[in-house]
Amino acid sequence: MSSVPDQSVTEPFAHAVVYIVDDNKELCSVMQRHFEKAGLRCRVCHDADEFLITYDPAQPGCLILDIRMPGMDGLDLQEKLRKAGDSMPVLVLTGHADVKNVLRAWTNEAFQFLQKPVSNHALLEHVMEALEKDRRSREEQGEVADYGSRISRLTKRETEVMDLVVSGRPNKVVGVELGLSQKTVEVHRSNVMKKMRARSFAELVQMVMVARGGEGPALRPGQRE
């Protein structure tokens with residue numbers, strides 16, 4: 001069940017959904033009313049199977065998850081999501097906070113582990129933090145895909161030149177290593193900048209770093225863009 005958010009929700013979360021998976025129907029109704037009053041969309045499920053049927057990984061949001069439920073328990077669901085590569089923030093909300101459950105939840109990268117009862121105000125704050133984390137994560141994933149797509153459109157030679165240039169090698173050295181004239185290296189480098197839509201050498205390095213998930217190379221002393 002969902003509702004359209006009102007103007008109290010900040011723009012980045014206008015399309016996010018707070019998933020609530022708990023077999024306590026009364027508690028779910030209380031949480032749903034509170035979140036929707038704050039302008040957040042909610043979707044309530046009373047067991048893991050219902051959630052898995054309705055869940056869309058492309059939908060921004062976060063998950064509030066009980067542990068003890070009929071069928072698949074909450075921690076099994078959390079583990080299933082993580083093994084599938086899902087990075088949606090999970091807030092485990094339970095009345096059964098023993099050491100084993102806490103450790104298992106953190107091992108599977110829970111965003112928060114909260115013990116019932118939690119005040120509506122505190123829970124809303126945790127949810128907003130989780131939605132912000134999800135927003136940043138999706139933004140970063142979008143950048144990785146975008147920059148990777150730009151790199152894929154480079155020719156083999158342009159990619160070779162780019163890799164050597166961002167590693168800190170001057171154009172002359174790149175030319176020697178690839179058997180090219182300095183002028184040809186400059187042409188390839190210019191093409192790389194255009195295709196990558198990089199406004200500066202520093203931005204090109206950042207793009208490559210993000211796309212490949214590694215650390216950007218340090219510029220050599222005295223090296224210019």
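Some points to look at:
- For region 198-225, the set of residues classified as outside any helix (DSSP H, G or I) and at pLDDT 60 or above consists of ALA198, ARG199, SER200, GLY213, GLY214, listed by residue number.
- Here GLU139, GLU132 are screened, and the one residue that is surrounded by 15 or more Cβ atoms within 10 Å (Cβ to Cβ) and assigned to a helix (DSSP H, G or I) is GLU132.
- Candidates GLY85, GLY61, GLY71, filtered to the one that is crowded, with 21+ Cβ neighbours inside 10 Å and not hydrophobic (A, V, I, L, M, F, W, C): GLY61
- Condition broken by THR94, with the remaining ones in (1) farther than 19 Å from PHE111 by Cβ; (2) at pLDDT below 90; (3) of a type in the set (Ser, Thr, Tyr) satisfied: (1)
- Members of region 7-26 that are surrounded by 14 or more Cβ atoms within 10 Å (Cβ to Cβ) and either under 21 Å from GLU129 (Cα atoms) or at pLDDT 95 or above (or both): VAL9, PRO12, PHE13, ALA14, ALA16, VAL17, VAL18, TYR19, ILE20, VAL21, ASP22
- Residues that are surrounded by fewer than 15 Cβ atoms within 10 Å (Cβ to Cβ), on the phi > 0 side of the Ramachandran plot and without any contact (Cβ under 8 Å) to a residue 60 or more places away in the chain are absent from region 110-128.
- In the set (1) in a helix (DSSP H, G or I); (2) closer than 30 Å to VAL90 by Cβ, the condition left unmet by SER190 is number (2).
- Residue satisfying condition, being at positive phi and without any contact (Cβ under 8 Å) to a residue 12 or more places away in the chain, within set GLY85, GLY39: GLY85
The values are calculated or read from the model by the stated rules, or taken from the named source; none is laboratory data. Here the structure is a predicted model, which means the values were calculated and not measured. For neighbour counting, all protein chains shown are included, and Cβ atoms are generated from backbone atoms with ideal geometry for every residue, glycine included.
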